[in-house]
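Step one of this worksheet: look at the structure below.
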Amino acid sequence: MLAHVDPFHAITISRLAHELQAQGRSVIHMEFGQPSTGAPRAAIARAHQVLDSDPMGYWESPALKARLARHYLETYGVKVEPEQFVLMCGASPALTLALSSTFSAGDRIALARPGYVAYRNTLRALHLTPVEISCGPESRFQLTAAALGALDPAPQGVIVASPANPTGTIIVASELEAIARVCRERNITIISDEIYHGLSYVAPARSMLEFEPKARVVNSFSKYFSMVGWRLGWLLVPPEHQARARAFMGNLFLTAPSLSQHAALVALDCREELEGHVATYARNRELLLEALPRLGLTHIAPPDGAFYIYANVGHLTNNSLDLCLSLLRDTGVATATGIDFDPVEGHRYMRLSFAVSTAEVKDAIARMQSWFARRA
Ligand SMILES: Cc1ncc(COP(=O)(O)O)c(C=O)c1O
């Protein structure tokens, strides 16, 4: 019964990056998608306060769930009840909860390739069958309603991610609507990973809930809210799935961290500080989009959102893990190999995360310039 789960190669790269740093080398960390900014100041202040006064028992904050419900109404115009939220230790367990409480072993779940490494591996760990749909530049590396409609037999579920990791591409509203329609017709349950919402550089990303109220939505405080290590996220389920999701939650995870729930309630109202981070990412994105063609990296996915650039390096290598490791050893710039996201084509891609400071992005570009010129 033991499932096959692949390692995450970005961890290998990161380990080398930290070794080099320990030897005194200067390293720019663009290998993981994590903000370097930390939680909003007011959220941290709230946490300090709570530490001295709260016994930190098992707890699910009613105020946070009510505030999240308001967030959906204000952001997407969607009315949901606070009880539809299950607070989780991040999007990762929210995904596990969504999948395990919805599907049965052996069910087929469609997903885009390239896609977030954990989708494929979590599906396997739960004995679900990933049905990967190859999504290239022609579909902006994203799932389409047509591709879902063409699957024979229809899968039981689909994971939709917009903006996506590793590409940052967003699925436009009309296509989300078409995907929702195909899923209704074919009885496919949608799991929508909306963890990069709030981080878009074109039109804001739309929630799948606007088109399909039965979708299970996964989200987290890790990215826009810059609270990765606080380990807090949520699963939003339709009312008829609440009891089942809660039964699974109580047995598998009990509750999310109390301290983080207090801090997150405050973070939801720290818009100004958080929008400052988005402005930094927007500037970083511009700088990279301008510089990468000069480095010979001309084929990149349109980075509508998130904080990634997924670039084709197939003109230089057939082994992007080796390329990323050499780049790191020679220049101190740590990046991720495409094979984490796409076991078939990913050996010809690399991913750069620009969730770092603008000064670091400028430095990284300067370091990469001569390195790529020598390779060309
Ligand atoms: C698309 C996607 N979903 C989920 C996660 C997991 O995030 P969390 O820190 O909330 O567990 C990540 C992390 O990078 C991600 O990129």
Taking every Cα atom in the chain, find the radius of gyration and the maximum pairwise distance Dmax, and write them in Å.
20.4, 60
At 7 Å along the Cα-to-beta-carbon direction for both Glu60 and Arg124, put a label point, then send me their distance in nm to one decimal.
3.2
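Take each of the peptides 63-69, 111-117, 166-172, average the number of other beta-carbon atoms within 10 Å over its residues, and list them starting from the highest. Working shown, then result.
Values: 63-69: 18.3, 111-117: 24.7, 166-172: 26.4.
Top of the packing list down: 166-172, 111-117, 63-69.
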Dimensionless Rg/Rh of the range 57-204, both radii on Cα and Rh by Kirkwood, sits at 0.96
Rounded to one decimal in nm, the spacing of the 7 Å Cα→Cβ label points at Gln369 and Ser26 is 1.4
The answer for the chain, accessible area per residue at 1.4 Å probe in Å², is 41
Ser370 - accessible surface, heavy atoms, 1.4 Å probe, Å² rounded to 10:
60
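Restricting to the chain, what percent of DSSP beta bridges are antiparallel, rounded to 5? Before the final figure, lay out the partial values.
Details: 17 of 35 bridges.
DSSP beta bridges in the chain are roughly 50 percent antiparallel.
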Report the FRET efficiency, 1/(1 + (r/R0)^6), for Thr317 and Gln34, where r is their Cβ-Cβ distance and R0 is 30 Å, rounded to 0.05.
0.70
In terms of Cα to Cα distance under 18 Å, which aspartates and glutamates are near enough to Lys65, apart from those fewer than 8 places away along the same chain?
Glu74, Glu81, Glu83, Glu194, Glu240, Asp269
Please work out the Cα center distance from the range 115-155 to the range 352-376, rounded to the nearest Å.
32
Looking at the range 137-209, I'd like the Rg to Rh ratio, where Rg is from alpha-carbon atoms and Rh is Kirkwood's inverse mean 1/r.
0.95
Tell me whether the range 1-119 comes out rounded, prolate or oblate; compute the Cα gyration tensor, take square roots of the eigenvalues as a ≥ b ≥ c, and use a/c under 1.5 as the rounded threshold.
oblate
Cα-based Rg (one decimal) and Dmax (whole number) for the range 269-347, in Å?
14.7, 46
For the chain, size of Cβ-based charge dipole, Lys and Arg +1, Asp and Glu -1, in debye
320
Interatomic Cα distance distribution for the range 218-376, bins of 5 angstrom, percent:
2, 8, 14, 16, 14, 12, 11, 10, 7, 4, 2, 0
Net charge near Arg351 (other residues with Cβ under 11 Å of its Cβ; Lys, Arg +1; Asp, Glu -1) is -3
If you stretched the chain out fully between Glu273 and Arg329, how much longer would it get, using 0.36 nm times the residue separation minus the C-alpha to C-alpha distance?
16.7 nm
Which of the lysines could be linked to Lys362 by a straight reach, that is with a Cα gap under 30 Å, when you skip same-chain ones fewer than 8 residues away?
Lys223
What is the percent carbon and sulfur in the accessible area of the chain, measuring with a 1.4 Å probe over the protein chains and ignoring ligands?
54
I'd like the FRET efficiency for Glu81 and Leu289, computed as 1/(1 + (r/R0)^6) with the beta carbon distance as r and R0 of 51 Å, rounded to 0.05.
0.80
What Kirkwood hydrodynamic radius, in Å, does the range 152-294 give when the mean of 1/r is taken over all pairs of distinct Cα atoms and then inverted?
17.1
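The values are calculated or read from the model by the stated rules, or taken from the named source; none is laboratory data. Note that this is a predicted model, so its numbers are computed, not measured. Glycine gets a Cβ as well: all are built from the backbone with ideal geometry, and neighbour counts include every protein chain shown. For the accessible areas, the whole protein counts, side chains as well, though only heavy atoms, and no ligand, DNA or RNA atoms are used. Shrake-Rupley method; radii C 1.70, N 1.55, O 1.52, S 1.80 Å.
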